[in-house]
Ligand SMILES: [Ca+2]
Ligand SMILES: [Ca+2]
């Protein structure tokens, strides 16, 4: 959820967008007079995207990648050359590359793969494309 707080009533004065409760108090304690809650922010779920798995059949370490471009350093504990299966939600696709920086052999998947055949443990960068 995203919240916009305002210094004065009726959404006037200084404003600040907040997406976590931690940032709420600093400089704004007792100064917030109106507030706007943006529920819409919540409709794009943070967890939505392609899930990469370390092992076949959606097992082992997993990392969810929302639409964007990622080198293997963004694969978390999975790391370089270790992806063995992919969960691809409807409407999503993943473009995988065997080298970092989106180079080398390239392959596109538009559905989940429990086994990557000759692509197992080779992926070094990916681009995730969401539904449009
Ligand atoms: Ca693996
Ligand atoms: Ca590679």
Report summary line: Across the alpha-carbon set of segment 50-129, Rg over Rh with Rh taken as the Kirkwood radius works out to 0.90
Requested in this report: Go ahead and run the numbers for FRET between residue 100 and residue 59, Cβ-Cβ distance against an R0 of 25 Å, rounding to 0.05.
Outcome: 0.50
Report task. Run the quick spin-label model on residue 33 and residue 90: label points 7 Å from Cα toward the beta carbon, then report their separation in nm to one decimal. Result -> 4.9 nm
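So if we plug the beta-carbon distance of residue 16 and residue 69 into 1/(1 + (r/R0)^6) with R0 = 25 Å, what FRET efficiency do we get, rounded to 0.05? All intermediate terms of the calculation are to be shown ahead of the outcome.
Values: r = 30 Å, r/R0 = 1.20.
FRET efficiency, residue 16 to residue 69: 0.25.
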Query raised in the report: With a 10 Å Cβ neighbour count serving as the proxy for reagent exposure, in which order, fewest first, do 88, 5 appear?
Result: 88, 5
Report summary line: Checked segment 81-120 with the C-alpha gyration tensor, a ≥ b ≥ c its square-rooted eigenvalues, rounded below a/c of 1.5, otherwise prolate if a/b is larger than b/c and oblate if not; verdict oblate
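Laboratory data are not the source of any read-out in this text; all were calculated from the coordinates shown. Nothing here was measured: the structure is a model prediction, and the numbers come from that model. Reconstructed Cβ throughout: ideal geometry from the backbone, glycine too, with neighbour counts over all protein chains shown.
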